[in-house]
Amino acid sequence: MATMADVARVAGVAGPTVSHVLNGTRHASEATRSKVLRAVDETGYRYNSLARSLAVSKTRTIGLSISVLTNPYFGSLVNAIVQRARDEGYTLVLGDSHDDAGDELRVVNSLLDRRVDGHIVAPSPGAQDSTLPVIARAGTPVV
């Protein structure tokens with residue numbers, strides 16, 4: 001798998017220049033920008049969102065914990081959330097607790113382990129007393 005260093009070598013520029021071009025963090029001449037983008041195509045470089053997440057402490061993901069995904073009500077709701085998240089540049093990570101409080105806690109902890117930037121919860125009956133405090137302690141915004 002190609003790295004930014006590979007792109008820099010092929011483009012004939014410094015590593016930070018590749019980063020600035022791809023992230024839009026500093027101005028680069030059109031010639032430099034073109035060289036970097038050609039090198040990206042040539043090397044097959046793929047943006048590493050995990051590395052970026054570590055650098056900026058943001059994952060651009062939202063966790064969604066749903067009590068029963070097969071409930072017809074949730075299909076439309078999930079679709080609307082996915083579309084809105086995408087419009088705002090986020091990816092949705094979904095967990096179904098199957099209406100079980102223990103499963104819901106596992107789903108919530110798994111999403112928190114993935115460092116979601118926000119959490120949407122449709123709690124299972126009786127589970128909100130155990131899951132919402134876990135999310136609150138993590139400092140993750142929750143709806």
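The values are calculated or read from the model by the stated rules, or taken from the named source; none is laboratory data. Because the structure is a prediction, the values reported are computed rather than measured. Because the Cβ atoms are built from the backbone with ideal geometry, glycine has one as well, and the counts that use them run over all protein chains shown. What goes into the accessible areas is simple: the full protein's heavy atoms, side chains included, and nothing from ligands, DNA or RNA. Shrake-Rupley method; radii C 1.70, N 1.55, O 1.52, S 1.80 Å.
Things to note:
- Filter result for the condition that a residue is of a type in the set (Val, Ile, Thr) and either closer than 25 Å to TYR47 by Cα or at pLDDT 90 or above (or both), over VAL116, VAL68: VAL116
- Single residue of ARG52, ARG26 found to be part of a loop (DSSP other than H, G, I, E, B) and either in contact with a Cys (Cβ under 8 Å, 6 or more places away or on another chain) or at negative phi (or both): ARG26
- Filtered by the rule that a residue be part of a loop (DSSP other than H, G, I, E, B) and over 17 Å from the mean Cα position of the chain (by Cα), segment 88-138 gives SER97, HIS98, ASP99, ASP100, PRO123, SER124, PRO125, GLY126, ALA127.
- Of all residues in segment 21-51 being of a type outside the set (A, V, I, L, M, F, W, C), within 22 Å of the chain's Cα centre (by Cα) and open to solvent by 90 Å² or more (accessible area, probe 1.4 Å), the one that is farthest from ARG114 (Cα to Cα): ARG46
- Residue count, segment 83-134 (criterion: without any contact (Cβ under 8 Å) to a residue 12 or more places away in the chain, of a type outside the set (S, T, N, Q) and under 20 Å from TYR73 (Cα atoms)): 1
- Given (1) outside any helix (DSSP H, G or I); (2) touching a residue at least 12 places away in the same chain (Cβ under 8 Å), number of the condition VAL78 does not satisfy: (1)
- Only listed residue being at pLDDT 90 or above and more than 21 Å from LYS58 (Cβ to Cβ), chosen from ALA80, ALA122, ALA85, ALA138: ALA80
- Considered as a group, the residues in segment 62-80 that are open to solvent by less than 70 Å² (accessible area, probe 1.4 Å) and of a type outside the set (A, V, I, L, M) include one that is farthest from VAL93 (Cα to Cα), and that residue is ASN71.
- For segment 94-119, a tally of residues being within 16 Å of SER57 (Cβ to Cβ) and of a type in the set (Ser, Thr, Tyr) returns 0.
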